[in-house]
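No lab work stands behind these numbers, since they all come straight from the coordinates. Small disclaimer: the values here were computed from a predicted structure and weren't measured. Here the Cβ positions follow ideal geometry from the backbone for every residue, glycine too, while neighbour counts run over all protein chains shown.
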Amino acid sequence: MRVIRQLLTESMLLAGLGGSLGLLLAFFGTKAVLNTLPGTLPRAGEVSLDGRVLLFTMALSLLAAIAFGLAPALKSSQVNPQEVLKEGGRGSSGARHRLQRIFVASEVAMALVLVIGAGLMLRSLAALWRVNPGFNPSHAITFTVSMPSSPAVTSAETRARLRQFNETMRSLPGVQAVSVTLGSRPMIHDSALPFWIVGQPKPAHDNDMPQAMFYLAEAGFQQAMGITLERGRFISPQDNENAPVVIDIDDTFARTWFPHQEPIGKRVHLEQFNVEAEIVGVVGHVKQWGPGADETSAIGAQFYYPFMQLPERLMPLAAGAVAVVLRTEGDPAAIMGPVRRAVDQMDHREIVYGVQTMDDVVAGSFAARRLSMVLLGAFAALALVLSCVGIYSVISYLVGQRTHEIGVRMALGAQRADVMRLVLGQGAKMALVGVASGIAAALGLTRLMANQLFGVSAHDPLTFVTVAILLTLVALLACYLPARRAVRVDPMVALRYE
């Protein structure tokens, strides 16, 4: 019982120290994750160490200390001292350390599964960054302007105020293009309208009509957003309330509703606006829901409608607040000071809010995947450290147990390289068993994260092979220190070791 108490006390002390270190890692790690992903998590300000979670982890640490301290303590209390003394001269038996090697191989396997998951998420995120969002986010910024409105404001007054706003923004130093907008904004807000193609049978009900994402825009919208014009023309200043209604469509709209036809010149009836609009241009498709989610959207077609041609009955609705997209020569965030001053000079009642650079908007669309990658990477790094510590500990322990045997081998002519191969071979066997088991587990488990991946298979061979080689090399590195200590054993000292 005295031996059991001593070993259990040691285990509890180690668990307490480890638990304290874990609390520090959790505290600073949570802050680090939140700082890495500012503003991308809902209710991020409420994320903190929870008292119930702390109690649970403390209880778990206590149980682990008791379970993994009591088991070897009980085993040690049942050994025959005479047999142990006999074995001390012959070196340790392989059976005694088989369980240790299984534990270490299991650590390596779990580490490999997590590192593969983190690697797949990293490759997926890299693939997303390479996707063209359909616009140029560099040097572009968007915000919303709340304008004072009243029922007495006419459509003509609203249009005049919007034109004045556009001119004022365009006159600011460093501004290359500007446009007021409503409806959809890429990766920020979406709005769809039903339509039908003039010349084709009109659907019986609105629910039967196809829908397309719509963007209310002005002539500067294409340049401000960096949208590609494929053919025809984009909305111009001449497309005002006195001109025939026109729209631009994206290439998805053109392929879907005008296959093997030239859509320019065709007419589209917009049901909610109750107008027929002529198609005057085709632009590139914008990834409205983000690079990784746009292809799965039910609505792919998009069109651009001149803001000033908004029907008279709807124009007063735009008087309350409009969105703005703006392109600058330099840092887009630096333009907001002059923008706010210009808005205040026009009307001090107008408020600018919801400021976002388009680079931040694009980065925000990756938030969920980036969070998954950060968490998986952190857990993978911890698992890798644990597996390396496990390998180092077991190999170091085995070297200490076999000091007498190593001394005998060297006294009988074994070279340092032979001893090095012997020790590294033991570590390599544990690592390879763990890697093989981990690959088998990862082949099944990575399928569960397939819906989180983009541009990479859940069974990507490059990731699997790279991680397996990396983990094997790291495991061999963990074996190197005890192996180097083993080759420095003095045969005469080792023979007197016991």
Quick check: the angle from helix 2-36's long axis to the longest principal axis of the chain, C-alpha only, nearest 10 degrees? 20
Starting from the Cα-Cα distance between Arg170 and Gln415, subtract it from 0.36 nm times their residue separation and give me the gain in nm to one decimal. 80.1 nm
For the charge dipole of segment 286-345, defined by +1 on Lys and Arg C-beta atoms and -1 on Asp and Glu C-beta atoms about the Cα centroid, which residue among Ala334, Gly320, Met308 has the Cα displaced farthest towards the positive pole? Gly320
Which one is right for this structure if Rg/Rh (Cα atoms, Kirkwood Rh) is calculated from it: (1) 1.01; (2) 0.94; (3) 1.19? (3)
Considering only DSSP beta bridges where both residues belong to the chain, give the percentage that are antiparallel (nearest 5). 80
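Report the gain in length on full extension from Val198 to Ser48: 0.36 nm times residue separation, minus Cα-Cα distance, nm rounded to one decimal.
48.3 nm
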Taking the dipole about the Cα centre of segment 88-232, with the C-beta of Lys and Arg at +1 and of Asp and Glu at -1, give me whichever of Ala118, Gly199, Phe143 is farthest to the positive side. Ala118
For Ala105, what is the net charge nearby, where nearby means another residue's Cβ is under 15 Å from its Cβ and Lys, Arg count +1, Asp, Glu -1? +2
Treat every Asp and Glu Cβ in segment 120-265 as -1 and every Lys and Arg Cβ as +1, leave all other atoms uncharged, and give the resulting dipole magnitude about the Cα centre to the nearest 20 debye. 400
Listed by chain and number, the lysines with an alpha carbon less than 25 angstrom from that of Lys202, same-chain partners under 8 positions apart left out, are Lys266
Ranked Tyr304, Tyr392, criterion: other C-beta atoms within 10 Å, fewest first: Tyr392, Tyr304
Quote the Stokes-Einstein diffusion coefficient, in whole µm² s⁻¹, for segment 1-78, based on the Kirkwood radius over alpha carbon pairs, a temperature of 25 °C and a viscosity of 0.890 mPa s. 168
Please report the relative contact order for segment 148-349, taking Cα pairs under 8 Å with a sequence separation of at least 6, and give it as a percent rounded to a whole number. 32
Which of Ile102, Ile141 comes first, and how do the rest follow, when ranked by fewest Cβ neighbours within 10 Å? Ile102, Ile141
Principal-axis tilt of helix 336-346 within the chain, Cα atoms, nearest 10 degrees: 30
Taking H as built 1.01 Å from N, whose amide H comes closer than 5 Å to the amide H of Leu216, not counting residues under 5 places away? Leu182, Gly183, Ser184, Tyr305
Looking at the chain, identify the longest residue range that excludes and avoids all trypsin sites (Lys or Arg not before Pro) in DSSP loops having at most 15 other Cβ atoms within 10 Å. 44-232
Roughly how many nanometres apart are two label points built 7 Å out from the Cα toward the Cβ at Ala160 and Ala243? 2.2
Going by how many other Cβ atoms sit within 10 Å of their own, how do Ser20, Ser61 line up, fewest first? Ser20, Ser61
Beta bridges by DSSP in segment 148-349, antiparallel share as percent, to the nearest 5: 70
Sequence-separation-based contact order of the chain, relative, with Cα cut under 8 Å and 6+ spacing, percent: 25
In degrees, nearest ten, helix 367-401 long axis to first principal axis of the chain (Cα): 10
What does the charge dipole of segment 275-336 about its Cα centre add up to, to the nearest 20 debye, if the Cβ of each Lys and Arg holds +1 and the Cβ of each Asp and Glu holds -1? 120
Point-to-point label distance, Leu14-Leu477, nm (Cα→Cβ direction, 7 Å offset): 2.4
Linear extension gain, Lys429 paired with Arg485, 0.36 nm per residue minus alpha-carbon span: 18.2 nm
Among His260, Leu229, Ala105, the residue whose Cα sits farthest towards the positive end of the charge dipole of the chain (+1 at Cβ of Lys and Arg, -1 at Cβ of Asp and Glu, taken about the Cα centre) is Ala105
Distance in nm between Ile351 and Glu312 label points, each 7 Å along Cα→Cβ, equals 3.3
So for segment 1-78, averaging the separation of alpha carbon pairs under 8 Å that are six or more residues apart and normalising by length, what relative contact order in percent results? 65
Label 7 Å along Cα→Cβ of His189; segment 300-343 residues with amide nitrogen under 14 Å? 317-325
Could you work out the helix-only [θ] at 222 nm for the chain, with each DSSP H run of four or more residues adding -39,500 (n - 2.57) and the total divided by the number of residues, to the nearest 500 deg cm²/dmol? -17500 deg cm²/dmol
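Give the residue list of GluC sites (Glu not before Pro) in segment 255-336 that are DSSP loop and have at most 16 other beta-carbon atoms within 10 angstrom.
Loop-located and lightly packed - Glu271, Glu312, Glu329.
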What dipole magnitude, in Debye to the nearest 20, does the chain give about its Cα centre under +1 on Lys/Arg Cβ and -1 on Asp/Glu Cβ? 2920
